[in-house]
Amino acid sequence: MELRELTALELGAAIRRGEVSIVEAAQTALDAVSAQDGALNAFITVTGARALERAEALQAGVRDAQGPLYGVPMAIKDNICTKGVKTTCASRILGDFTPPYDAAAVDALARAGAVSLGKLNMDEFAMGSTSETSFYGPVRNPWDLGRAPGGSSGGAAAAVAAGMGWYAIGSDTGGSIRQPASFCGVTGIKPTYGTVSRYGLIAYASSLDQIGPLCRDAADCAAVLDALMGHDRRDATSLPGPRSRWDGSGPRVDYGHLLDGLTGDIRGMKIGLPVDCFGDGLDGEVRSAVLAAAEVLKGRGAQLVELPFPVLPYAVPAYYIIACAEASSNLSRFDGVKYGWRAEEYDGLGDLYCKTRTQGFGAEVKRRILLGTFVLSSGYYDAYYKKALQVKAVIRDAFDRVFEQCDLLLTPVAPTAAPRLGESLSDPLQMYLSDVYTVSVNLAGLPGLSMPCGLNGDGLPVGAQLIGPHFGEGALLNAAHAFQLETDWHRKRPPPAAADAEPPSALKGEGLCGGDLK
């Protein structure tokens, strides 16, 4: 049995049947990390000894295992707090921060029997679309080491695609789960805002951030979300609301398990194709792959409905004004006083703040803090931030009208396949525009899913995005499951990264990277 070819659910079933031990599964994943991560740089911290100790403890209770993911090794994005394990947000300023508590999501997965392999690389403080802004060096795409894996959950997507763990959890502020899932050929879902607790997620933009899974397929995503979703009194934005699923005759709201709702029956489901998402600026191969996915869903019984979505051009500017404003506020706590890295030489408190933040934050984080501070400043608040909030409300109303005509939307995830390393960093505006199809979902608080739907001429994965109404995770997952019953794009694997491949140039000579943390 080739363990790394199994999905998380298939491995969990094999563990419960006694065909493979949890220790064996964990060691297989750690061996893959050892062999490939020197080239991919997907991990910041690998907790090998801790993972094997956890695996042995879980193996002792395997006879009483209940959940479908019991004993399955996984990994965690490094902006999600883990008790006793460094949580750096891929930033120098948090390089030595070890949380005294677990995030709610980490605690939920621990109760489900997860084995954590470590913490995953990302864009610094989740600010970026390529996973190149990390203090610990860029993540490389396992399909092509010269390409970016997407961001900011690039380490999570790269790890799952390369078989370094069976699933991962990341965060999505404007597409940071869906876009790297698309670029790396895995399935990722951002759930409805408030359905997964943000307690323990280090905030970038509090009104937009949401934790979600990156997995091999939709069924694995459903199983992970079943473990993650639920009300948490420690999170003021946590919702006790219901979930919905598609039962074959229409959307049905219930409190059942998402995994149980994966029937693959989407007959009569109306799937909208927003014509504004398929116009100029979209790569031809991406357009063809997404439209081909629409035809597969049509073949399963869905009805395709073309409709306008004219608010699309306003999504990116509104998103970046709101996100940067909230980042400016949230990141003010990192000042070198309470915790985290501190500048060594300074003259007084003001100089301590200035030098710590100047030296501790990277260029992209400083750019967004400055932009956010500007739009919140006196004289500009009404002109920019208030107006962006008004646009946010317009976008949410537009989605409400769209979902009166259809059950789900199908769009591209990104305008192109994975860019080459360095291309986006040289043109930040172009990087921001790559989020054009994803940010509106966060502005409206909706669930969105990325699923592999093809390979382009360079052999790079292409993803299709499904968007649902609030609490529409069940319908999204069932539609993706129906698509994956008909296709095998989600089973495609990149070639193993060469163990002797040259590491990303940004890692060379970096004292805080490599052996110290791994």
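Some observations on this one:
- Dipole magnitude of the chain about its Cα centre (Cβ charges: Lys, Arg +1; Asp, Glu -1), debye to nearest 20: 740
- Length gained on full extension, ALA393 to LEU429, computed as 0.36 nm times the residue gap minus the Cα-Cα distance: 10.6 nm.
- The simple spin-label model puts a point 7 Å past each Cα toward its Cβ; for GLU345 and LYS386 those points are separated by 4.6 nm.
- Simple rule: put +1 on each Lys or Arg Cβ and -1 on each Asp or Glu Cβ in the chain, find the dipole, and look at PRO494, GLY230, CYS215; the Cα lying farthest toward the positive end is GLY230.
- Virtual spin-label span in nm between ALA49 and TYR101, 7 Å along Cα→Cβ: 2.8
- Of the peptides 472-482, 93-103, the ranking by mean beta-carbon count within 10 Å, highest at the top, reads 472-482, 93-103.
- Cβ crowding within 10 Å, taken as a proxy for footprinting-reagent exposure, orders TRP489, TRP166 from fewest neighbours to most as TRP489, TRP166.
- Looking at the chain alone, DSSP beta bridges between its own residues are antiparallel in about 70 percent of cases.
- Taking the Cα centre of the stretch 129-215 as origin and assigning +1 to Lys and Arg Cβ atoms and -1 to Asp and Glu Cβ atoms, the resulting dipole is close to 60 debye.
- The stretch between THR373 and SER332 holds 13.7 nm of extra length on full extension. This uses 0.36 nm per residue minus the Cα-Cα distance.
- Residue order, fewest to most beta carbons within 10 Å, for ARG92, ARG234, ARG287, ARG216: ARG234, ARG287, ARG92, ARG216
- Net charge dipole, the stretch 51-152: roughly 60 debye, given to the nearest 20, about the Cα centre with Cβ charges of +1 for Lys and Arg and -1 for Asp and Glu.
- As a proxy for reagent exposure, GLU132, GLU306 were ordered by neighbouring Cβ count within 10 angstrom, fewest first; the result is GLU306, GLU132.
- Using the Cβ-Cβ distance between ARG17 and ARG420 with R0 set to 56 Å, the FRET efficiency works out to roughly 0.80.
- For the residue pairs LYS86/LYS366; LYS190/LYS366; LYS355/LYS392; LYS119/LYS270, the alpha carbons lie more than 32 Å apart in LYS355/LYS392; LYS119/LYS270.
- Remark: the LYS366-ASP458 segment gains 29.7 nm on full extension, using 0.36 nm per residue and subtracting the alpha carbon distance.
A short reminder: the numbers here are calculations on the coordinates, not readings from a lab. Note that the coordinates shown come from a computational prediction; the quantities given were computed from them, not determined experimentally. Glycine gets a Cβ as well: all are built from the backbone with ideal geometry, and neighbour counts include every protein chain shown.
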